[in-house]
Structures are given as C-alpha cells and as structure tokens.
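Novice: Provided herewith is a single structure, encoded as structure tokens, for subsequent inquiry.
The values are calculated or read from the model by the stated rules, or taken from the named source; none is laboratory data. Quantities reported herein were computed from a predicted structural model and do not represent experimental measurements. Neighbour counts run over all protein chains shown; Cβ positions are idealised from the backbone, glycine included. Areas reflect the complete protein model, heavy atoms only, side chains present, ligands, DNA and RNA absent. Shrake-Rupley method; radii C 1.70, N 1.55, O 1.52, S 1.80 Å.
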Amino acid sequence: MRILVTNDDGIHAPGLSTLEEIARELSDDVWVVAPESDQSGVSHSLSLNDPLRLRQVSEQRFAVKGTPSDCVILGVRHILGDHGPDLVLSGVNRGQNVAEDVTYSGTIAAAMEGTILGIRSIALSQAYGVGGRGALKWDCARTHGPKVVRKILETGIEPGILVNVNFPDCEPADVQGIAVAAQGFRNQALLSIDARVDGRGNPYFWLAFAKARFEPGHGSDLKAIAEKRIAVTPLRLDLTDEPTLTRFAQAFAE
C-alpha cells in the first residue's frame with residue numbers, strides 16, 4: 001500500500017512526524033508532501049494566483065509553498081505520477097478538528113481533496129486541554145492510530161466519503177474506547193472579537209472563543225472527546241440536504 005502523508009501545520013510539525021510513524025506501521029511505502037509553513041484554518045483553498053514552489057527535504061519527503069489541498073494535488077498528479085497513492089493520511093493535527101472545525105480545517109480539506117481524487121482518505125487530529133498546545137499527548141495518537149486506521153480500511157470507505165478521527169486529550173492507557181460519532185455543534189454565542197490597538201494607534205482584531213460551560217450533544221464528536229474516547233466520524237463530500245431538496249422541489253413546482 002502506497003501512502004501519501006500531509007497536514008496543515010507544516011513540514012516541521014511534530015504531528016506530521018507522529019503521522020509518519022503511524023503510516024510506517026501500515027506500509028513501508030510512505031511519501032510525505034506537506035506545506036512549507038503553517039496553513040491552519042485555510043480550509044479547502046487552492047493557490048490559483050501564485051506558483052507552487054516545491055522543495056525536496058529528503059528521500060520521499062517534500063515541502064510545498066502552498067495549501068494542504070495543493071500538497072495533495074501536487075503529490076498525486078506530479079510527485080507520485082502514474083503510481084498514485086492508495087491512501088491519503090492527513091494530520092496529526094495540533095488540536096481537535098470536531099464540530100464546525102471541519103469547515104475551516106486544512107487537515108480535513110486535504111482528506112477531502114484526496115477523496116475528490118478517488119483515493120481513500122483519513123484525517124487525524126490530537127485534542128489538547130488546559131495544558132495548551134505545548135502539552136499535547138502525541139502518544140495517544142501514535143499508540144492508537146495504526147489500529148484505528150486499519151479498522152477503517154478493513155471496514156471500507158465508500159467513494160465520496162472521508163473519515164475524520166480525533167484522539168482525546170489523555171494518555172494512551174486512559175482512552176475509554178472508540179466512538180463512531182456524528183459531527184457536533186458548538187454554542188456559537190461563545191465566538192467573540194478581541195479588539196486591540198497597535199503601537200501606532202491602528203486597530204486590529206483576534207477571533208476568540210469565550211470560556212464558558214458547554215454541554216456537547218449526545219453521540220457527537222465533541223461528547224466523545226470529552227469522555228476520553230476516540231471519535232471516528234464519516235463525512236460526505238455531497239453537501240446536499242435531501243429533505244430540503246424535496247421540499248423546495250415541491251414548492252417550486254407549484
């Protein structure tokens with residue numbers, strides 16, 4: 001099995017090294033094509049107005065001055081050429097990608113691009129808690145990642161579907177199982193704007209989430225992570241809402 005590994009945190013991210021370790025437990029044919037710098041939050045964007053600069057870091061390891069989606073396309077269509085990958089693994093992201101995160105995440109987008117290109121694709125993310133980004137428990141993803149990916153592949157991924165995997169903020173031995181979970185939803189009232197002024201008196205802003213108690217929905221990826229379970233969530237490329245499609249078709253036919 002040929003595996004293409006990518007991410008959105010950049011070629012030097014510790015999560016990428018973690019994912020390489022996971023991939024090498026599944027295959028000895030692993031190729032890495034990742035962004036030159038941090039591309040978190042770029043979603044499914046493509047570099048249409050700038051050239052893609054490719055740098056070979058080492059054998060079967062490349063950095064691209066572009067987005068995660070650019071990396072997958074360049075890896076599949078150019079670097080690997082006629083012998084494309086059998087699997088795209090994206091991550092391991094620094095922080096969870098659950099709920100509305102999936103619409104912003106470059107990690108998820110890379111898996112989406114792989115799916116669009118007809119390749120089985122899985123996104124993996126490692127949650128962190130009060131310790132912050134400097135205290136991520138990478139061993140959780142490293143230990144449980146291979147068996148989770150194997151089980152997903154054994155079960156099968158249908159065309160047009162990608163799989164989103166999130167590991168909880170705990171040590172490997174403290175994981176309470178695996179939950180096949182739905183995409184959750186946060187309380188968006190917590191989203192706020194942190195307005196500031198720079199040294200020259202010019203305003204600038206940070207997007208921020210206020211800290212408040214929030215009860216995640218039952219059966220959601222948010223709930224699974226809160227309960228120290230690994231969340232496995234299948235996502236569809238087809239965003240069509242069938243009930244509304246039928247309702248609108250009836251309305252416009254009148």
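Novice: Kindly report the accessible area of the chain per residue (heavy atoms of protein chains, probe 1.4 Å, no ligands, DNA or RNA), in Å².
Specialist: Heavy-atom SASA per residue in the chain reads 53 Å².
Novice: What's the carbon and sulfur percent of the chain's accessible surface, probe 1.4 angstrom, rounded to a whole number? Walk me through the numbers on the way to the answer.
Specialist: On the way: 7060 of 13490 Å².
Carbon and sulfur: 52 percent of the exposed surface of the chain.
Novice: Which value, in debye to the nearest 20, describes the size of the charge dipole of the stretch 33-89 about its Cα centre when Lys and Arg Cβ atoms bear +1, Asp and Glu Cβ atoms bear -1, and nothing else is charged?
Specialist: Values: 5 positive and 7 negative charges, 25 e Å.
Computed charge dipole of the stretch 33-89: roughly 120 debye.
Novice: What dipole magnitude, in Debye to the nearest 20, does the chain give about its Cα centre under +1 on Lys/Arg Cβ and -1 on Asp/Glu Cβ?
Specialist: That gives a dipole near 460 debye.
Novice: With all protein chains present, calculate the accessible area of His83 using a 1.4 Å probe and round the result to the nearest 10 Å².
Specialist: Accessible surface of His83 is approximately 100 Å².
Novice: May I ask you to derive the relative contact order of the chain, considering only C-alpha pairs under 8 Å and at least 6 residues apart, and to give it as an integer percent?
Specialist: So the answer I get is 17 percent.
Novice: Could you work out how far the C-alpha centroid of the stretch 41-86 sits from that of the stretch 158-207, in angstrom?
Specialist: 25
Novice: Please tell me which of these pairs span more than 31 angstrom C-alpha to C-alpha: Lys151/Lys223; Lys65/Lys223; Lys151/Lys228?
Specialist: Listed pairs above 31 Å: Lys65/Lys223.
Novice: Farthest toward the dipole's positive end in the stretch 1-150, which of Ala13, Leu80, His44, given Cβ charges of +1 (Lys, Arg) and -1 (Asp, Glu) about the Cα centre?
Specialist: Working it through, the farthest residue towards the positive pole turns out to be Ala13.
Novice: Take the alpha carbon gyration tensor of the stretch 1-157, find the square roots of its eigenvalues, order them as a ≥ b ≥ c, and report rounded if a/c is under 1.5; if not, report prolate when a/b exceeds b/c, else oblate.
Specialist: It is rounded, given that a/c, with a ≥ b ≥ c, falls under 1.5.
Novice: In a GNM of the chain with a 10 Å cut-off on Cα contacts, which of Asn93, Asn49, Asn166 has the highest mean-square fluctuation?
Specialist: Asn49
Novice: Using +1 at the C-beta of Lys and Arg and -1 at the C-beta of Asp and Glu, which of Thr244, His218, Ile157 has the Cα lying farthest in the positive direction of the dipole of the stretch 145-254?
Specialist: His218
Novice: Still on this structure, please answer the following. Please calculate the 1.4 Å probe accessible area of Thr115, with all protein chains present, and give it to the nearest 10 Å².
Specialist: Only protein atoms counted, so the area is about 10 Å².
Novice: Assign one of three labels to the stretch 105-254, namely rounded, prolate or oblate, based on the Cα gyration tensor with a ≥ b ≥ c the square roots of its eigenvalues; rounded applies when a/c is under 1.5, prolate when it is not and a/b is larger than b/c, and oblate otherwise.
Specialist: The shape class here is oblate.
Novice: Still on this structure: Placing unit charges on C-beta atoms (Lys and Arg positive, Asp and Glu negative, everything else neutral), compute the dipole magnitude of the stretch 45-124 about its Cα centre in debye, rounded to 20.
Specialist: Charge dipole of the stretch 45-124: 240 debye, to the nearest 20.
Novice: Shifting gears a bit: From the protein chains alone at 1.4 Å, what is the descending order of accessible area for Phe62, Phe214, largest first?
Specialist: Phe214, Phe62
Novice: Right, here's the next one. Considering only Val72, Val33, Val149, give the residue with the highest GNM mean-square fluctuation for the chain, with springs between Cα atoms whenever their separation is below 10 Å.
Specialist: With Cα springs under 10 Å in the chain, the top fluctuation among Val72, Val33, Val149 is at Val149.
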